[in-house]
Amino acid sequence: MHTALSAVHTRDGLTVKGYRGDRSALLAFDLAESLTAGLAGFAIRVKPPKGAAYWLPNRLSFATAYTSKTTAKDRVWTDSVAAPFQKFHWVHFPASVPPGVFTYEVTAMYHGASGLKKGPTVATQLDLQADGFANLEYGFTRGYMSSQAYATRFKNADVRPGKTLDFDIKPYEERWAWLGGHGREIIKTFVADCLAAAQSSANVSVDVFAYDLDAPDLLADLAKLKNKLRVFIDDSDGHTKAGALEPVAGRRLADAGAAVRYGHFRRYAHQKVMILRRNGVPVAAISGSANFSVRGLYVQANNVLRWNDATVAGWFGQAFDLAFASGVEKPGDKFSGTEPFKKSALAKAWLDVPPLDLPTAKLSFAPHTDGKISLDLVSQELAAADSSVLFAVMELGGSGATLKRLREVAADPGIYSYGITQKTSGDISLYKPGSNRGVLVPFAALSQQVPANFRKETAGGQGQVIHHKFIVVDFNDTNPVVFAGSSNLAELAEQENNDNLFALYDRNVATAYAIEALRLVDHNHFRAALTQATAAKPLRLQGPKPDGKAAPWWQRYYDRDDLRCRERTLFVR
């Protein structure tokens, strides 16, 4: 198994630590404070497993001042050797990740009399391919439709021609593959494996829990399973109103021979799960936050897990059987499965995952008779955090102690907190980009009073973009844990929705999820700042002589009362 992080390397006062995520890398730097005079930033040179080395580019430079009126075509990228990164960490998310080792060289850059000059250089190596557990694969969608990269590469092309299931998908496949990333690949591969198994054996069947269901390529493949497929589809109000595609998808699968049932529990049938069975026995499953929809895979930031374990798949199978047995044949008919599910053994406590080529883990299924059955454990781990809490959670305004703690963790001077959400409620006041406490970026900042130049680069249509529901506690400490799944982590929702939530106690997994949080926070923080930049206060790199009374950019990284100082020391330890 590959380790999630490289060894720490130090040379001439510069320290670099590399962390491997899901086909991505986090590079953290530290520099002796005595070497900060004239520091211009850090340049990063990458040598991929195949091909020539190149400098990672920076969106900012010393020469160009960006404002909210700057168009996408005017936003140029500059190699970091000429426009070094003025921060002490950087996330690299390559467009493609071949097998093998990526070599990263980090160089401290300084202002000199005749331009930039190089200081110490430290190299580290990382294998960015997903590692390590034979019975667990995890990955993320890119969530970058709202990005300059998508605008440059695909000219902000739509991800579908309209709200319909009937269109030629070939023109969309390249952009779907780029946007869907590893998360989409896991789902597509699982469905392909199910089809291959069904074609080779009469004793194979597949079950699908679907909330949103409108991805035409997935629907076409699922329909090929014919009478070997059972589907349970959410029929809450949003999925039964005029124009909803879920009833259309359900009818098409039923016409192909599948057994289709509907229901919404007290509020939502919110799981996003597929289960492969042999001789009726579950042998593998996928879960996560990603809906089987165009928006879920290609617009939203989501995570997907594949469990190649009969015990875990068996629990998902039990959850499906309970829901399906109470399901109705017509969307909107009375569903009676909420209370039977709550009273089942499956929903009464956390289930311990057997460690057979799997990390130490627990799994929980809702709805519960009391939301604390699942969320007390999350709250306890948050309360016991030693060093950091990183997260991407769709909404923080829900009920219960877990979300309350996330709203308040920025006030804890001993915890480095860094997170992103789709939107915040009015009681969140301590989280501000640049705060000395914690950082939380609401995606809604990109959709409020957005200049015309950004409107085409915002959200890919109406609805959630930050759709994750995960929390990482102490990702690089002694006892890291990740909580994730389809659950929105609100106590009332855990009593009303059919959902799943897992806890993974593993450094590799925690690191991957932590990097995902950092990636999304940094990306959307930059975009929010750009939409608000003015000619008087543009975005650009700080030169050798800071404007006015501004302090050197690096100074806050050495102020012990500043969040950035905690970040600098935490990430390289």
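For segment 329-387, the Cα gyration tensor yields ellipsoid semi-axes of 29, 16, 10 Å (square root of five times each eigenvalue, largest first, whole Å).
Among the protein heavy atoms of segment 472-516, carbon and sulfur supply 44% of the accessible surface, probe 1.4 Å, non-protein parts ignored. Only protein atoms count toward the accessible area here, which uses a 1.4 Å probe; on segment 85-183, the carbon and sulfur part of that area reaches 49 percent. Taking 0.36 nm per residue of separation and subtracting the current Cα-Cα distance, fully stretching the chain between A72 and S344 would add 92.5 nm. Applied to segment 553-564, the Karplus parametrisation 6.51 cos²θ - 1.76 cosθ + 1.60 on θ = phi - 60° returns per-residue 3J(HN,Hα) values of 4, 7, 4, 5, 6, 10, 8, 5, 8, 10, 4, 5 Hz, with x for Gly and Pro.
The alpha-carbon positions of segment 184-296 define a convex hull whose volume is 93 Å³ per residue.
Rounded to the nearest whole Hz, the Karplus-based 3J(HN,Hα) values (6.51 cos²θ - 1.76 cosθ + 1.60, θ = phi - 60°) of segment 198-208 follow the sequence 5, 6, 9, 8, 6, 9, 9, 9, 9, 10, 9, with x at glycine and proline. For segment 1-132, a Kirkwood hydrodynamic radius built from all Cα pairs, placed in the Stokes-Einstein relation at 10 °C and 1.306 mPa s, yields a translational diffusion coefficient of 101 µm²/s. If you take the Cα centroid of segment 224-240 and the Cα centroid of segment 391-424, the two points sit 34 Å apart. Value of Rg to Rh for the chain, rounded to two decimals, is 0.97; Kirkwood radius and Rg both from alpha-carbon coordinates. Distance cut-off 19 Å, Cα to Cα: go down the list K73/K155; K188/K272; K170/K272; K17/K545; K348/K469 and report the pairs above it. Cα-Cα > 19 Å for K170/K272; K17/K545; K348/K469; rest within. On the protein heavy atoms, probe 1.4 angstrom, tell me the percent of accessible surface of segment 290-409 carried by carbon and sulfur. Carbon with sulfur: 51 percent of the solvent-accessible area. Evaluating kT/(6 pi eta Rh) at 4 °C and 1.567 mPa s, with the Kirkwood radius of segment 37-89 over Cα pairs in the Stokes-Einstein relation, gives 104 µm² s⁻¹.
Per residue, the accessible area of segment 40-83 comes to 47 Å², computed with a 1.4 Å probe over protein heavy atoms only. With distances taken between every two different alpha-carbon atoms, segment 498-573 has a Kirkwood hydrodynamic radius of 15.9 Å. With both residues required to sit in the chain, DSSP beta bridges show an antiparallel share near 80%.
The values are calculated or read from the model by the stated rules, or taken from the named source; none is laboratory data. Computed from a predicted model, the values in this text were never measured in an experiment. Quick note on the areas: whole protein, heavy atoms, side chains included, nothing else; ligands and nucleic acids left out. Shrake-Rupley method; radii C 1.70, N 1.55, O 1.52, S 1.80 Å.
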